[in-house]
Amino acid sequence: LTLTGRLLTASNATFVGTVETPDGPVEIVHKPIRGERELWDFPTGTLALREVAAYRVSAAGGFDVVPYTVLVEGPFGPGSAQRWVEADEEIDDLVDVVAPGDLADGWFPVLEGESAEGDAVVVAHADDPRLRTIAVFDALVNNADRKAGHVLRSSADRSGPLLACDHGVSFHVDDKLRTLLWGWAGQPLTTAEQAMVAAALADLDPVAELLAEEEVLALQERGARLLAEGLPRPPERGPAVPWPLW
Ligand SMILES: Nc1ncnc2c1ncn2[C@@H]1O[C@H](COP(=O)(O)OP(=O)(O)O)[C@@H](O)[C@H]1O
Ligand SMILES: [Mg+2]
C-alpha cells in the first residue's frame, strides 16, 4: 500500500493510494483508524470496521452499492481500503437544489430552505431505482451520513451504475438514519428489495467479526422492520438529514 495523497475535504484523515495486486495496481481510499476523528456517539477506533461491514452487507445482499472494501495494514497502522471510483462530479440529474417552481416531474422534495440570497429553494432527488437501492441499503445499515457527495457515478454514462461511499458512521444501535434520500419513506419494499434484505441477513458472521454484538442484533431488527413495515419515515425529533448536505 503506497499513499499518494490526502483528501483535504474529508472529516477524518483520509488518503488516496495504490495497492499492488497480482492483477496490477488498484487505486484506493485509505482511512487509518488512528486518523479517525472522535465522535460523541460512536465508539473510538471503529469507523474503518464499519466501512468494511457496510461493504460486506452490500455484497451479501446483492445491493452492490459499496466499492470493494477491506481492512489493511497501512503506514499509519490498520485501517480500511476501498477501491477508488473515478466519479463524475455532476449528479444534478439525481440530487439537486432548485427553486420550488422548477421541481421536475416525478422528483421528491426533501427539504425546503433559503439560498444565501434569501430565495426559497428545495433540495430534491429523482425517483431513480438506483438511488432507491441505496436508500434501502442505508435504512438497513442505519447510515448516519448519506450526503449527495457520497453518491458516486462511476461512468460518463448517466444511466450507468451508482456506487456509494463513506459508511464510517453506520450500524449504530440507535436509529440515526440521516439521508437526503427520503423520497420513498413509508413505502413497502419491492419483492427484489425484500430478497436483498433477506440475503444480507442470511449469514451475519462476516459482519459480527467487525461490529459489537448489540449492533448485529440491531441490524437484524432493522432488517425485520424493513421487511414488515417498508422504508422508514424521517424522525419527528432529531436530525433527519446529514450536515453538510453535500
Ligand atoms: N471509493 C471512493 N471513490 C471515489 N471517491 C471517494 C471514495 N471514497 C471517498 N471518496 C471521495 O472522498 C470524499 C471524502 O471521503 P469520505 O469517505 O467521505 O471521508 P470522511 O469519512 O473523512 O468524510 C468523499 O466525499 C468522496 O468525494
Ligand atoms: Mg464524508
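The values are calculated or read from the model by the stated rules, or taken from the named source; none is laboratory data. It should be emphasised that the depicted structure is a prediction, and the values quoted were computed from it without experimental measurement. Positions of Cβ are backbone-derived with ideal geometry, glycine not excepted, and every protein chain shown enters the neighbour counts. Surface accessibility is based on the protein's heavy atoms, side chains included, excluding ligands, DNA and RNA. Shrake-Rupley method; radii C 1.70, N 1.55, O 1.52, S 1.80 Å.
Numbers for the structure displayed
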item: Most mobile listed residue (207, 57, 19) in the chain, GNM with C-alpha springs under 10 Å; result: 19
item: Distance from segment 88-144 to segment 28-67 (C-alpha centre basis), Å; result: 24 Å
item: Residue-normalised accessible area of segment 101-177, expressed per residue, 1.4 Å probe, Å²; result: 41 Å²
item: Most mobile of 90, 114, 209 in a GNM of the chain (Cα contacts under 10 Å); result: 114
item: Note, ³J(HN,Hα) from phi for segment 99-113, Karplus 6.51, -1.76, 1.60, rounded to Hz, x at Gly and Pro; result: 5, x, x, 9, 5, 6, 4, x, 7, 9, x, 10, 8, 9, x
item: Long-range HN-HN contacts of residue 64 with modeled amide H, under 5 Å; result: 59
item: Placed amide H near residue 142: partners under 5 Å, 5+ positions off or other chain; result: 171
item: Overall form of segment 163-246 per C-alpha gyration tensor (a/c, 1.5; a/b vs b/c); result: oblate
item: Dipole of the chain [Lys/Arg +1, Asp/Glu -1 at C-beta], most positive-end residue of 106, 194, 184; result: 194
item: Over the chain, relative contact order from alpha-carbon pairs under 8 Å, at least 6 apart, %; result: 19 percent
item: Whole-number percent relative contact order across segment 22-104, with pairs defined as alpha carbons under 8 Å at least 6 apart; result: 33 percent
item: The chain - Rg (one decimal) and Dmax (whole number), Cα, Å; result: 17.9, 55
item: Solvent-accessible area, 1.4 Å probe, carbon plus sulfur percent, for segment 1-132; result: 52 percent
item: Residue-wise HN-Hα coupling along segment 173-189, computed from phi with Karplus coefficients 6.51, -1.76, 1.60 (Hz; x: Gly, Pro); result: 6, 8, 5, 9, 4, 10, 8, 8, 9, 8, x, 9, 3, x, 7, x, 6
item: Rounded if a/c under 1.5, otherwise prolate or oblate - segment 1-43, Cα gyration tensor axes; result: prolate
item: Residues whose placed amide H lies under 5 Å from that of residue 230, excluding near-sequence neighbours; result: 189
item: Accessible-area composition of segment 183-246, carbon plus sulfur, in percent [1.4 Å probe]; result: 54 percent
item: Within the chain, helix-based [θ] at 222 nm, where runs of 4 or more DSSP H residues each add -39,500 (n - 2.57), nearest 500; result: -7500 deg cm²/dmol
item: Burial order of peptide ranges 68-76, 102-110 (average beta-carbon count within 10 Å, highest first); result: 68-76, 102-110
item: Gaussian network model of the chain, springs between alpha carbon atoms under 10 Å - residue of 62, 118, 183 with greatest fluctuation; result: 118
item: Environment charge at residue 123 (Cβ cut-off 14 Å; Lys +1, Arg +1, Asp -1, Glu -1); result: -3
item: In Hz, Karplus ³J(HN,Hα) per residue of segment 20-34 (6.51, -1.76, 1.60; θ = phi - 60°; x = Gly, Pro); result: 7, 10, x, 8, x, x, 10, 6, 9, 9, 10, 10, x, 4, 4
